Amino acid sequence: MNLSTLPIEFELTAAKIPSDHYPHSRFKLTAEIEKGFITIDFQGYFTESFNPKNRPHSNPISEAYRNNKIDFRLFWSGEYLALSGWWRTAILSLEYTPIRQKWLNEDGEEILRPYPDGDKFEAIAASFYPILQQYFPT
């Protein structure tokens with residue numbers, strides 16, 4: 001495993017994309033970069049403005065702010081983009097290209113877009129695609 005740092009401009013932009021779709025949330029990114037393949041883990045955290053009485057710590061990435069219900073993983077290789085994460089009690093994945101979006105369950109079977117977050121993840125993927133092409137071209 002090769003843990004790497006992302007270009008800061010990319011990391012700032014990438015962290016903002018899911019936050020735009022999940023208000024009161026921020027994301028911590030951890031990347032693995034190998035030749036032609038990138039994996040980025042997005043760990044969700046509540047912002048300080050979300051119910052501050054329940055968030056007593058000053059460290060914004062302390063466990064008191066953790067929201068693992070919105071964690072997901074991004075995979076990028078060439079023109080291939082996939083987002084994967086827990087949804088209720090199953091792992092679901094979105095394979096995305098600008099031409100086609102396909103949802104898969106943990107057995108690799110194609111499924112319908114999950115409700116209520118499927119449309120958010122499709123919008124997130126659509127926002128990531130051109131940025132990934134710009135920073136990590138084939």
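The table below lists the values:
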item: Alpha-carbon radius of gyration plus Dmax, which is the widest Cα pair, for the stretch 73-138 in Å; result: 11.7, 35
item: Mean ellipticity per residue at 222 nm, deg cm²/dmol - from DSSP H runs of n ≥ 4 across the chain, formula -39500 (n - 2.57); result: -7500 deg cm²/dmol
item: Computed FRET value (nearest 0.05) for K102 with K28, which takes r as the C-beta separation and R₀ as 25 Å; result: 0.35
item: Estimated translational D of the stretch 60-110 in µm²/s (Stokes, Kirkwood radius over Cα pairs; 37 °C; 0.692 mPa s); result: 266
item: For percent of Cα pairs over 21 Å apart, calculated from these coordinates, the label among [x] 43; [y] 67; [z] 49; result: [x]
item: The chain - percent relative contact order, Cα under 8 Å, separation 6 or more; result: 17
item: Sites L112 and Q134, calculated FRET efficiency, Cβ-Cβ separation with R0 22 Å, nearest 0.05; result: 0.10
item: Sulfur and carbon atoms: percent of accessible area, the chain [1.4 Å]; result: 54
item: Among P18, Y96, S77 - extreme Cα towards positive end, dipole of the chain, charges at beta-carbon; result: P18
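The values are calculated or read from the model by the stated rules, or taken from the named source; none is laboratory data. Quick caveat, the model's predicted, so the values are computed rather than measured. Positions of Cβ are generated from backbone atoms using ideal geometry, with glycine treated the same way; all protein chains shown enter the neighbour counts. Heavy atoms of the whole protein, side chains included, go into the accessibility calculation; ligands, DNA and RNA do not. Shrake-Rupley method; radii C 1.70, N 1.55, O 1.52, S 1.80 Å.
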